[in-house]
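Read through the structure below, which is laid out as structure tokens, and then see the notes.
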Amino acid sequence: MKTLPIGRYRFFQRLQPLSILTKITSQSASGCLQVFSPSASWSIYLEEGKLIYVCYSVNMFDLLYRKLRQWSQQIPTLHNEIYQQLQILFETSIDERAIPNPDYLAICWLVKKRYLNREQAGRLIEELAIEVLQSFLAVDEGSYEFTAESFLDNMPHFCRLDVRLLVEQCQKQTNKAQHSQYGHKNQPQTKTKPKQRFSQENVQGLHPDFNKSDNNNQKKYQQPVDKKLYKIVCIDDSPIVLTIIKSFLDEQIFSVIGFNEPLKALMQIIRTKPDLILLDIEMPNLDGYELCSLLRKHSYFKNTPVIMVTAKTGFINRAKAKLVRASGYLTKPFSQSDLMKIIFQYML
């Protein structure tokens, strides 16, 4: 399916969401379907016609927190501090305009830190999908585009869901909600309470320990979580590149140390012990391949993510990077979104 540029739509048009989904899935398409309405937007990620993730622009983190709260009674690792860390790392400290889908990055982080396993992440995505698709199927006016490439292409995938079955579940839940709302004739109806946004004030009930009356226990969970500063070392003989990288990264989350001389950088890296290394390939005296090879020989840096930063992305260059066990590639010139994507892929 060809990309439909969103800029071509000067006015919203009548939409049939189910028809759009059916057309795309029947073609076993891979990519991202984006739908825009006057009040919200949806992103539906597909792999060979199967759904791997779906989200929308209205309080996606509220929905994610609500689902995790429901699971916290059965999964003890989902304690209250997890929610605070998610807020710090993904909801409040990241500019969502620069980083698409911080909610999906949050799920990847939960799996990487072993708060959820891959199967649980897949079930979580399925439950989120049913609720998000319910709102999507109700859209009657808007515009859309489908692109073959998406932000999730190089990210972990936790499920491949049948869209038809998801739609059937959405329709069942919609019918059930309507039946509950209107009820039987002459049966009095009660108003449902509005959904509350997650906050410190309504945090009780997130975890069983909040039901205890022990004041010491309350204080324990109400203490703020210490923010971890992730250390990133950048080695590039261009001061401009080093300045750009520093400007792209939030100093409240990342401590960025830049070096423009690879020989001097080697000893400093060993002392710094960074969480991730951004390494230029073309440098005088010692190129990026040689430096990466030296780092891999040190016991501390066997598993540290080393990202090669270069404009050369040919087969030979990638083969050399693989030989010296580089973790990944960041192609120059790069945007803030490109940089953040690779950081979350290999570090958080």
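What follows draws every value from the coordinates through simple rules; no lab data is involved. Bear in mind the structure is a predicted one, so any value in this text is a computation, not a measurement. Cβ coordinates were reconstructed from backbone atoms using ideal geometry, including for glycine residues, and neighbour counts include every protein chain displayed.
For N285, what charge total do you get from the other residues with a beta carbon under 11 Å from its beta carbon, if Lys and Arg give +1 and Asp and Glu give -1?
Taking every other residue near N285 into account, the sum is -3.
If we count every other residue with Cβ under 11 angstrom of S37's Cβ, Lys/Arg +1 and Asp/Glu -1, where does the sum land?
Here the count lands on -2.
Just the number, please: Stokes-Einstein D of segment 10-116 in µm²/s, Kirkwood Rh from C-alpha pairs, 20 °C, 1.002 mPa s.
Diffusion coefficient, whole number: 136 µm²/s.
Per the Debye formula with a single identical scatterer at each Cα and no solvent contribution, what log10 I(q)/I(0) holds for segment 230-346 at q = 0.13, 0.21 Å⁻¹?
Here the Debye-derived log intensity ratios amount to -0.43, -1.25.
Using θ = phi - 60° and the Karplus relation 6.51 cos²θ - 1.76 cosθ + 1.60, list the HN-Hα couplings for segment 159-166 in order, rounded to whole Hz, with x at every Gly or Pro.
6, 9, 9, 6, 5, 4, 5, 5
Ranked highest first by average number of other Cβ atoms within 10 Å, how do 101-109, 168-176 line up?
So the peptides 101-109, 168-176, ranked by packing, come out 101-109, 168-176.
Would you grab the residues whose amide H sits under 5 Å from the one on G258? Only those 5+ places off in sequence or on another chain, please, with H modelled 1.01 Å from N.
C234
I'd like the FRET efficiency for E261 and E149, computed as 1/(1 + (r/R0)^6) with the beta carbon distance as r and R0 of 45 Å, rounded to 0.05.
Given R0 = 45 Å and the Cβ-Cβ separation, E is 0.75.
List, in order, the whole-Hz ³J(HN,Hα) value for each residue of segment 140-146 obtained from phi through the Karplus relation with A = 6.51, B = -1.76, C = 1.60 and θ = phi - 60°; use x for Gly and Pro.
Running phi through 6.51 cos²θ - 1.76 cosθ + 1.60 with θ = phi - 60° gives 10, 8, x, 8, 8, 8, 10 Hz.
Going highest first, how would you order 286-294, 240-248 by mean Cβ packing within 10 Å?
Descending mean neighbour count gives 286-294, 240-248.
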